[in-house]
Amino acid sequence: MYDIKALYEAASVAEAIRLLQEHPRAQIIAGGSDVLVQIREGRRAGAELVSIYGIDALRGVTFDGEGAIRIGSLTSFSHIAASPIIREKIGVLGEAVSLVGGPQIRNIGTIGGNTCNGVTSADSASTLLAWDAVVELTGPEGIRRLPIRDFYIRAGVVDLRSAELQTAIIIPKAAYEGYFGHYIKYAMREAMDIATLGCSVNVALSDDRKTIRDARIAYGVAGPVPMRAPSAEAAAVGRPVCADTVAAFARAVLSDIHPRDSWRAARAFREHIAVELARRALTKSIELAGGALDG
Amino acid sequence: MDKSTGKQYKLIHCTVNGKEREVMVDVRASLTDLLRNDFRLTSVKKGCEVGECGACNVIIDGECFNSCIYLAVWADGKDILTLEGLEGPNGEISDIQQAFIDEAAVQCGFCTPGAIMSAVEILNEGRLLSDEEIRIRMSGHLCRCTGYENIFRAVKKTMLKRLEAGNRKQE
C-alpha cells in the first residue's frame, strides 16, 4: 500500500482544475513513475493526489490548424515514438523518448510528467527545448502558452500556477519545417539509466546545403534545468557547412553550460563530453539534412 | 471516504486473465497489491517496488506495465493479463514458457514471470524483430542469474518458431 492520504480522480480537464482548487495541497499524478516512487521513498508520503491519468482527451499526437504538432500531455513515450507524425516531422523526439528508462517505463511515463517534474536529466526536455516547443497550461483563468525555456524556473520547479495543469506541448510549424536533428544520451547503461549528459541538436541548411541557415542546441544535466547554448548557436548560424564550423560550435558550448560535480560524473568530465556530443550531434544533424562536411 | 477510518475505496470493473471481475479496491493499493492479495496471482512479484526491476510486469490492454507503480484504481475498465493467463485449458504451459525451460533462461525464477510477459507482448506483434530490437524490448528486466543471453535466446527462438508456423499456415 502506498502512503496516500486521499486520491481524487479527474475524468476531464475541467474536473481536474476544480479538484485542484478544492484541494490546494494536492499533488497532480499523471503516469506516476515519479510521484509514486517519491511516495515510496517517503519524500511525498501522506500526499493528497489528483489523478489526471484517466483524462483520455490529453492523449495523442495531432496537427492543429496551423500545421503545428500538438502532443497531448498524457501521451506516453512509447506512443510518441510510434506516432507517424513524430516519425515524419521530428523523428529525433521519438528517438530521445525511446531512451527513457526501459520499455515498461516508456508505456507509463508521459511527456507532461517528464517536463512538469522540472528535472534537468529528462530525456524529452533537451529535445523539446532545442525545437522551440511551446507549453500549453490550462487553469481556472483559461489557457496560456509559453516557450518551454521560460517554463523551467529552477531545479524541480516549473511555472505551473495553482490549480493549473499542463495540457499539451506544441511544436510550431516554423520550428520544425526544414530542420533535422539528433539526440545523444550519455549514460553508464543502455537501459534503465539516467543521463550523465544529454545533448540535442537540430539544424536547417541553405537550399544548396553549403551554409547553416539555423542551428539549435540544448542540454540536459549541463545545469540545474535543461538549457540552450546560445553562444554555440551564434557560432554556427550563417557559417559554411564544414569541420571548422562544427568545431567552433562545439567549443563555444563551454561559455554557456555550467554542469556540476555529482556522484554520477565530475564537472570536468561533463564539460569534456558536452563538447564532444555537440560535435557529434551537429555532424549527424548536418548529415540528416543532406549536407556533407567534406564536400 | 470512510470518515471513521480515513480509508478510501473505489469499486472497479476489469478483466483479469479473461475473467470479468468486480472488486472494491483501497485507493492506496498498487496493481501488484490487487493482483497478489485479491486474486492470488503470485506470478506478479514484489521486487524493487519502484519500477526498476520488472518483476511485477503485467500486460494491460496489450502493453507492458510495471504493476508496482500502477495504481489499482486505474485498472478500472482495463484488460489485464498475467503469467497465469498463459495457461492452456488442461494446465499446459505456453511455448514461450517451454522455451525459457529449454534454453535454461530460468535460474532462481524471480524475474521470470515479468520477463515472459514482456516476451508475450513482443510475440503478440507477430513480426520479425532484429536481435537489437529484442534486446531493447527485454531491457526492462533485471536478472541476476542468467546473464540475459539465455532469456534472449528463448525469446528469439519462440519468435522464429511462431513466424515459421504462421508461414506454413498461409501456404
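Read-outs: derived from the displayed coordinates by stated rules, not from any lab. Fair warning: this is a prediction, and the values are worked out from it, not measured in the lab. Every residue, glycine among them, receives a Cβ derived from its backbone with ideal geometry; neighbour counts consider all protein chains shown.
Applying a DSSP loop filter and a limit of 11 other Cβ atoms within 10 Å to the trypsin sites (Lys or Arg not before Pro) in the stretch A:158-207 leaves A:161, A:189. Mean-square fluctuation check for chain B, GNM, Cα pairs under 10 Å: which of B:12, B:69, B:136 is largest? Per the Cα network of chain B with a 10 Å cutoff, B:136 tops the list. Coupling constants for the stretch A:238-249 follow from the phi torsions by the Karplus curve (6.51 cos²θ - 1.76 cosθ + 1.60, θ = phi - 60°), and in residue order they are x, 8, x, 6, 7, 4, 5, 4, 4, 5, 5, 4 Hz; glycine and proline get x.
Distance distribution P(r), chain A, all Cα-Cα pairs, bin width 10 angstrom from 0: 7, 28, 34, 21, 8, 2, 0 percent.
Using a Cα-Cα cut-off of under 17 Å, which lysines could be cross-linked to residue B:19, ignoring same-chain neighbours fewer than 8 residues away? Within the straight-line limit of under 17 Å, residue B:19 reaches these lysines: B:78.
Determine, at each q value in 0.16 (inverse angstroms), the log₁₀ of I(q)/I(0) that the Debye formula gives when each Cα of chain B is one equal point scatterer. For the requested q values the scattering log ratios are -0.93. Simple rule: put +1 on each Lys or Arg Cβ and -1 on each Asp or Glu Cβ in the protein assembly as shown, find the dipole, and look at A:76, B:107, A:53; the Cα lying farthest toward the positive end is B:107.
For the stretch B:75-114 versus the stretch A:206-271, the inter-centroid distance based on Cα atoms is 48 Å. Shown in residue order for the stretch A:34-48 are the 3J(HN,Hα) couplings computed by the Karplus curve 6.51 cos²θ - 1.76 cosθ + 1.60 at θ = phi - 60°: 9, 4, 5, 5, 5, 5, 4, 6, x, 5, 10, 4, x, 6, 8 Hz (x for Gly and Pro). Here the contact order of chain A, divided by its residue count and restricted to Cα pairs under 8 Å and six or more residues apart, works out to 15 percent. Extending 7 Å from Cα along the Cβ direction at residue A:272 and again at residue A:293 yields two label points whose distance is 2.0 nm.
If you place +1 on the Cβ of every Lys and Arg and -1 on the Cβ of every Asp and Glu, how big does the dipole about the Cα centre of the protein assembly as shown come out, in debye to the nearest 20?
Values: 55 positive and 59 negative charges, 166 e Å.
Computed charge dipole of the protein assembly as shown: roughly 800 debye.
Taking chain A as a Gaussian network, where each spring joins two C-alpha atoms under 10 Å apart, which residue of A:150, A:208, A:34 fluctuates the most? In the Gaussian network model the winner is A:208. Other residues within the sphere of radius under 15 Å centred on the Cβ of residue A:86, judged by their own Cβ, net out at +1 (K and R +1, D and E -1). Across the options A:238, A:195, A:180, the greatest Cα extent toward the positive end of the charge dipole of the stretch A:179-288 (unit charges at beta carbon of Lys, Arg, Asp, Glu) belongs to A:195.
In this simple spin-label approximation, residue B:76 and residue B:131 carry label points 7 Å from Cα along the Cα→Cβ vector, and these lie 4.8 nm apart.
The GluC sites (Glu not before Pro) of the stretch A:187-295 that meet both conditions, a loop assignment by DSSP and at most 14 other Cβ atoms within 10 Å of the site Cβ, are A:190. Rounded to two decimals, the Cα radius of gyration of the stretch A:179-288 over 2.2 N^0.38 Å is 1.04. Using a cutoff of 8 angstrom between alpha carbon atoms and counting only pairs six or more residues apart, the relative contact order for the stretch A:56-174 works out to 28 percent.
For residue A:82 and residue B:171, a Förster radius of 30 Å and the Cβ-Cβ distance give a FRET efficiency of 0.45, rounded to the nearest 0.05. Taking the centroid of alpha carbons for each part, the stretch A:101-154 and the stretch A:180-204 are 16 Å apart.
When +1 charges are put on Lys and Arg Cβ atoms and -1 charges on Asp and Glu Cβ atoms, the dipole computed for the stretch A:4-51 relative to its Cα centre reaches about 180 debye. The modelled label-to-label distance for the pair residue B:22/residue A:214, using points 7 Å beyond Cα in the direction of Cβ, is 5.7 nm. Between B:32, B:160, B:142, the Cα set farthest toward the positive side of the dipole of the stretch B:9-170 (charges on each charged residue's Cβ, about the Cα centre) is that of B:160. Computed on the stretch A:1-120, with alpha-carbon pairs under 8 angstrom and 6+ residues apart, the relative contact order is 24 percent. Please sort by residue number the GluC sites (Glu not before Pro) in the stretch B:67-140 whose DSSP state is loop and whose Cβ has at most 14 other Cβ atoms within 10 Å. Hits after loop and neighbour filter: B:87, B:92, B:125.
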